[in-house]
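The structure appears below as structure tokens.
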Amino acid sequence: MSHHDKTKAQKGSLPAITVTPVAAAIGVVLRGGEVLLVRRANKPDAGKWGFPGGKIEPGEPLQAAAARGVAKETGLVVRPLHVFTAVDAFYRNASGQLVTHSVLIAVLCEWISGLPQAAGDALEAEWFPIESLESVDIARSVDVARVASMAARVREDFNDRAVDEGS
């Protein structure tokens, strides 16, 4: 062991953790003025409310991954419309070391049918008014209120374009 290595070991430094970012698709499902959220059962966001979704399988298109994640965690049938943003979710241990880094790719989805039934990693699945997300007293995952508001604006633009193209 070199002098440098001994010094590092004596200081009690923790070994470096190698973290590779993981891509996941989240389905931002809108129904009228509401957005679908699920309360997570597992770490790193256990107990927090966020969007249904999951890791993207090799060769799986983003929109398909979002629809699959929504169906798996809520039982709902949705139509994925548009990829509109991405969010970095960094999770650190008690010492502040980065443990996981997820890149959550948000897909605007239109509700087609079904009633939310929590399954998979979801403890609960409910519709929430988009306008009240900032003030409702729930533990939220990173950027939930901001992403839901952004989805509502994207949907308006989407609908406006459809009307313009249809006239």
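The values are calculated or read from the model by the stated rules, or taken from the named source; none is laboratory data. Quick caveat, the model's predicted, so the values are computed rather than measured. Using ideal geometry, Cβ is built from the backbone for each residue, glycine included, and neighbour counts are taken over all protein chains shown.
Taking the conditions exactly as written (crowded, with 18+ Cβ neighbours inside 10 Å, in a loop (DSSP other than H, G, I, E, B) and either in contact (Cβ under 8 Å) with a residue 40 or more places away in the chain or not hydrophobic (A, V, I, L, M, F, W, C) (or both)), does Pro58 satisfy them or not? Before the answer, list the steps.
Values: crowded, with 18+ Cβ neighbours inside 10 Å: no; in a loop (DSSP other than H, G, I, E, B): yes; either in contact (Cβ under 8 Å) with a residue 40 or more places away in the chain or not hydrophobic (A, V, I, L, M, F, W, C) (or both): yes.
The answer is no for Pro58.
Output the residue which, of all residues in segment 139-149 that are out of contact with any helix residue (DSSP H, G or I) (no Cβ under 6 Å at 6 or more places or on another chain) and surrounded by 15 or more Cβ atoms within 10 Å (Cβ to Cβ), is nearest to Gly33 (Cα to Cα). Give the derivation first.
Residues of segment 139-149 that are out of contact with any helix residue (DSSP H, G or I) (no Cβ under 6 Å at 6 or more places or on another chain), as a first pass: 139-147, 149.
Subset that is surrounded by 15 or more Cβ atoms within 10 Å (Cβ to Cβ): 140-145, 147, 149.
Details: Arg140: 18, Ser141: 20, Val142: 21, Asp143: 18, Val144: 15, Ala145: 13, Val147: 14, Ser149: 10 Å.
The extreme case among them is Ser149.
Are any of the residues in segment 67-81 at pLDDT 95 or above, over 30 Å from Arg161 (Cα atoms) and in a strand (DSSP E or B)?
No, there is no match, as no residue in segment 67-81 is at pLDDT 95 or above, over 30 Å from Arg161 (Cα atoms) and in a strand (DSSP E or B).
List pairs: first residue in segment 96-107 and within 15 Å of Thr20 (Cβ to Cβ), second residue outside any strand (DSSP E or B) and small (Gly, Ala, Ser) anywhere in the structure, Cβ distance under 9 angstrom, at least six positions apart or on different chains.
Gln97/Ala16
Tally up the residues in segment 100-146 that are within 20 Å of Gly75 (Cα to Cα) and in a loop (DSSP other than H, G, I, E, B), please.
8
Does Ala46 satisfy being in contact with a strand residue (DSSP E or B) (Cβ under 9 Å, 6 or more places away or on another chain), surrounded by fewer than 18 Cβ atoms within 10 Å (Cβ to Cβ), at pLDDT 95 or above and closer than 25 Å to Ser149 by Cα?
Values: in contact with a strand residue (DSSP E or B) (Cβ under 9 Å, 6 or more places away or on another chain): yes; surrounded by fewer than 18 Cβ atoms within 10 Å (Cβ to Cβ): yes; at pLDDT 95 or above: no; closer than 25 Å to Ser149 by Cα: yes.
Against the criterion (in contact with a strand residue (DSSP E or B) (Cβ under 9 Å, 6 or more places away or on another chain), surrounded by fewer than 18 Cβ atoms within 10 Å (Cβ to Cβ), at pLDDT 95 or above and closer than 25 Å to Ser149 by Cα), Ala46 does not qualify.
Can you pull out every residue in segment 42-61 that is under 21 Å from Leu133 (Cβ atoms) and not basic (Lys, Arg)?
Within segment 42-61, Pro44, Asp45, Ala46, Gly47, Trp49, Gly50, Phe51, Pro52, Gly53 qualify.
Please go through (1) at pLDDT 95 or above; (2) touching a Phe, Trp or Tyr at 6+ places or on another chain (Cβ under 7 Å); (3) crowded, with 17+ Cβ neighbours inside 10 Å for Phe51 and return the number of the only condition it doesn't satisfy.
That leaves (2) as the condition not met.
How many residues does segment 106-130 hold that are out of contact with any Lys or Arg (no Cβ under 9 Å at 6 or more places or on another chain) and surrounded by 15 or more Cβ atoms within 10 Å (Cβ to Cβ)?
Applying the first criterion (out of contact with any Lys or Arg (no Cβ under 9 Å at 6 or more places or on another chain)) to segment 106-130 yields 106-107, 113-117, 128-130.
Imposing the further condition that a residue be surrounded by 15 or more Cβ atoms within 10 Å (Cβ to Cβ) reduces the set to 106-107, 116, 128, 130.
Qualifying residue count for the region: 5.
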